[in-house]
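Derivation of every value follows stated rules applied to the coordinates shown; laboratory data play no part. Just so it is clear, the structure is predicted and the values come from calculations on it, not from any experiment. All Cβ positions, even for glycine, are placed from backbone atoms using ideal geometry, and neighbour counts span all protein chains on display.
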Amino acid sequence: MRASQFFISTLKEAPSDAEVASQKLMLRAGLIRKAAAGIYSWMPLGLRSLRKVEGIVREEMNHAGAIELLMPAVQPAELWQESGRWEFYGPELLRFKDRHERDFVIGPTHEEVIGDIARRELRSYRQLPKHFFQIQTKFRDEIRPRFGVMRGREFVMKDGYSFHADYPDLEREYSNMHATYTRIFSRLGLEFRAVAADTGSIGGSGSHEFHVIAATGEDAIAYCPDSDFAANVELAEAVAPSVERPSPGAGLVKIHTPGVRTIDQLATFLGIPVQTTVKAIVVEAEDGAPVLMMVRGDHELNEIKAQNLEGIRSPLTFAAPSAIQAAFGAEPGSLGPVGFSGRVVMDRSVAAMADFVIGANETDYHLTGANIGRDFAQPETADLRNVIEGDPSPDGGGTLKICRGIEVGHIFQLRTKYSEALGCRFLDENGREQVMEMGCYGIGVSRILGAAIEQNWDERGIVWPDAIAPFEAVICPVGWAKSEAVRERARSIYESLMAVGVDVILDDRGERPGVMFADWELIGVPHRITVGDRGLADGVVEYNARAGGDVERIPVDEVVEGVQQRIRS
C-alpha cells in the first residue's frame, strides 16, 4: 500500500469530549470517527486493525472446531418473550415496531436466535455436539456510552454457542474454549488474565472473564502472584479470619454522635481505627422485609454476594429511608443489630470482632463495646465483602493483589437456562427426549482495539502489537520529491518486503520528515524504515521500533531480512 493512495487523516488534538487514552488516540490517529453517542465509523486505518483481530479470532475458532454462521441483527420479539428476557433485559434492549406493528429488537446478543436454530435443526444425539459462532455487529442502548469503542452502543462481537447431549461434554467444550481464548489473546500480543466471574444477566453456572490488564480498566481483579488464582473482585472469596473471636473486654456504652453519618466521620469523632467499627447496610428480602447486613468499617459490601444469599431480593435492592425509619426507629448512619428483631447477616470478618462500635438505632447515637452473643443474638454468618489487597488467597497459595482489567472475553456454562425455555430438545440413544446442555462464548472484537491501546501507548501515540497494527512496517523516504536515489531504494525495499509477506506501507506523500514521523508514531506502526541520501551514501538505512528501541543503521542489502526477524521476534 502507498500512502498517497490510502486515506490518512490525523488530528493534532483530540475532541474535547474524549475521555480515555484509547478514545483520544483512536480519534487523533484517524482510526474512528464519531457518528453519534457510542456509535463510530471505522475509518480505513482502524478497519485494517479490526479485520486483523477478526482474522485471528476466526482462525482460532475454526481450529477449535467451531462452525461459522451469520445471524440477523434484527430479531423478533417473540423469541425474547419465550426466553423470558423481553422484560428482564431492560432499556438496553433497543425495541421497535415494523410497518405491520410487530415487535422487534436490535440484537445485543443471540442466545434466542441460535436457540431457535438449534431446536429446528438438531433433533438427534447423533448431531451433537455442535458449536456455532459468528462475528457480527451488536447494539446495546447504554444509558451513558463512554470511553469510545470500549463502551459504545454499537460494537463488533464474536459470539459462539455450543449444544451438547450432557454436562460432561459441555465441560469439555468449556475447557476447549478456555484454551482457545488463551491462544487468541496471546496471538493478539496482549497482557491478560482469565478470571472466575459472576454469570450476571446471561445466567448459567460456570463463568470466566478474560481481562486485558490496564490501569484504566473498569473491573477490579483479585489475583495471587504466587499461584494461578485469579477472580473478579465480585466473585473472589474473602477467606474467614483464622483467629477466634476474643472475649468481651468492655461494656456496652451509648455515645452521642451528633451529625455523624459515615464510618470515616465516626472513626474521626471517636478517635478510633476504622477497623474497630462495623458498617450497617439495610437491603430488602424477597418479601420486602428489611435485612440488616454487617461488614467491618474498612470493608465494602459485595452486592453480588449479598444478592446471592437465599431470600434476598435480586437484583439487590437497598431499603428506602422511610422503611429503615419504620424498622429501626432511626435514620441511616445510626443503625445496628441491638434491639432489631429482623434478619441480620454478618460478614465473616465481623464474626471475629469484639468490643466494636455500631449504630444504636437512635439517630445521632452509637454504641461502643458491642459484642456478639452478649448484646445481640448470634446472626447468620456469610461472605459479604469485597476482598482487599493483602487478604489470603482462597487457594491457600499466598496473599492477594488487586489490579485493573478491561473485559474483552467471557465464557459461560449456560446449562439449560435457554435451551429449556426455547424447547431445544433432542432424542437420546434410547429414543427419549432430553434438553440440550448449552455453552456461550463471547469476545468483544472492537473493544479489543481500545483495550490494546490502553495497555500500549505513550506521549507520542499508539504502540500497537505487531499482530493487530494497521500496518506492520512503514517506509519513510526523506526527500521523496527531490531524490531519485531515495525513491528507487524506497520502492525496492517496499516491493521486497511485500514479496516476503510483510504488511508494509510506503509513505510517498512527500511530507517533511517531522510530519511523517509524527503521523506514524501517532498511528503506532511497529517498525519504521527511514531512507535518505545521507544513509544511502554509506550503504545503510535507519530502522526504528515504535516500542521504544533506539535508531539502528542497517545495511541496505540486509534490511528486508532484518525487518522480518524483528517482526518474528
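Quick one: of the DSSP bridges fully inside the chain, what percent are antiparallel, nearest 5?
Rounded to the nearest five, the antiparallel share is 80 percent.
In whole Hz, what ³J(HN,Hα) sequence does region 281-298 give by Karplus (6.51, -1.76, 1.60; θ = phi - 60°), x for Gly and Pro?
Each residue of region 281-298 in turn: 10, 10, 10, 9, 6, 4, 8, x, 5, x, 10, 8, 10, 10, 10, 4, x, 8 Hz.
Running Debye on region 253-382 with equal point scatterers at the Cα sites and no solvent, what base-10 log of I(q)/I(0) appears at q = 0.14, 0.20, 0.22 Å⁻¹?
-0.55, -1.17, -1.41
Counting only C-alpha contacts under 8 Å and six or more residues apart, can you give the relative contact order of region 471-568 as a whole percent?
For region 471-568, the relative contact order is 31 percent.
So which GluC sites (Glu not before Pro) in region 364-454 pass both tests, a DSSP loop state and at most 14 other Cβ atoms within 10 Å of the Cβ?
Here the sparse-neighbourhood loop sites are 389, 429.
What residues have an amide H closer than 5 Å to that of residue 272, excluding those fewer than 5 places away on the same chain, when H is modeled at 1.01 Å from N in the peptide plane?
none
Note down the relative contact order for region 50-126 as a percent, whole number, built from C-alpha pairs under 8 angstrom at least six residues apart.
28 percent
Note the angle between two axes, namely the Cα long axis of helix 484-499 and the longest principal axis of the Cα atoms of the chain, as a number of degrees from 0 to 90, rounded to the nearest 10.
Helix 484-499 sits roughly 60 degrees off the main axis of the chain.
According to the Cα gyration tensor, what semi-axes, each the square root of 5 times an eigenvalue, does the equivalent ellipsoid of the chain have, listed from largest to smallest in whole Å?
They are 52, 33, 22 Å, listed from largest to smallest.
Rank 149, 301, 359 by how far each Cα sits towards the positive end of the charge dipole of the chain (+1 on Lys, Arg Cβ; -1 on Asp, Glu Cβ) and give me just the farthest.
149
Residues with amide H under 5 Å of residue 68's amide H, sequence separation 5 or more or different chain, H placed in the peptide plane at 1.01 Å from N; which?
For residue 68, whose amide H was placed from the backbone, the distant partners under 5 Å are 133.
What number, in percent, do you get for the relative contact order of region 253-382 if the mean sequence gap of Cα pairs under 8 Å and at least 6 apart is divided by its residue count?
28 percent
Are there trypsin sites (Lys or Arg not before Pro) in region 20-109 that DSSP marks as loop and that have at most 14 other Cβ atoms within 10 Å, and which are they?
Sites meeting the loop and neighbour criteria: 99, 102.
Inverting the mean 1/r over all pairs of different Cα atoms, compute the Kirkwood radius of region 471-568 and quote it in Å.
13.1 Å
Report, to the nearest 10°, how far helix 445-455 tilts away from the longest principal axis of the Cα atoms in the chain, using its own Cα long axis and a range of 0 to 90°.
For 445-455 against the chain, the angle is about 90 degrees.
Based on the Kirkwood radius over alpha-carbon pairs, what is the Stokes-Einstein translational diffusion coefficient of region 126-251 at 37 °C with 0.692 mPa s viscosity, in µm²/s?
It diffuses with D of about 182 µm²/s by this estimate.
What are the ³J(HN,Hα) values, in whole Hz, obtained from phi via the Karplus relation 6.51 cos²θ - 1.76 cosθ + 1.60 with θ = phi - 60°, for each residue of region 432-437 in sequence order, with x given for Gly and Pro?
8, 7, 10, 8, 6, 7
Non-local amide H neighbours of residue 356 (under 5 Å, H modeled in plane, Pro and chain starts lacking H): which ones?
369, 370
Can you compute the helix-only [θ] at 222 nm over the chain? Use -39500 (n - 2.57) per DSSP H run of at least 4 residues, normalise by all residues, nearest 500 deg cm²/dmol.
My calculation for the chain gives -8000 deg cm²/dmol from helical runs alone.
Roughly what % of DSSP beta bridges within region 471-568 run antiparallel, to the nearest 5?
50 percent
Using the crude model of +1 on Lys and Arg Cβ and -1 on Asp and Glu Cβ, and no other charge, please compute the dipole size for the chain relative to its Cα centre, in debye to 20.
About 1220 debye.
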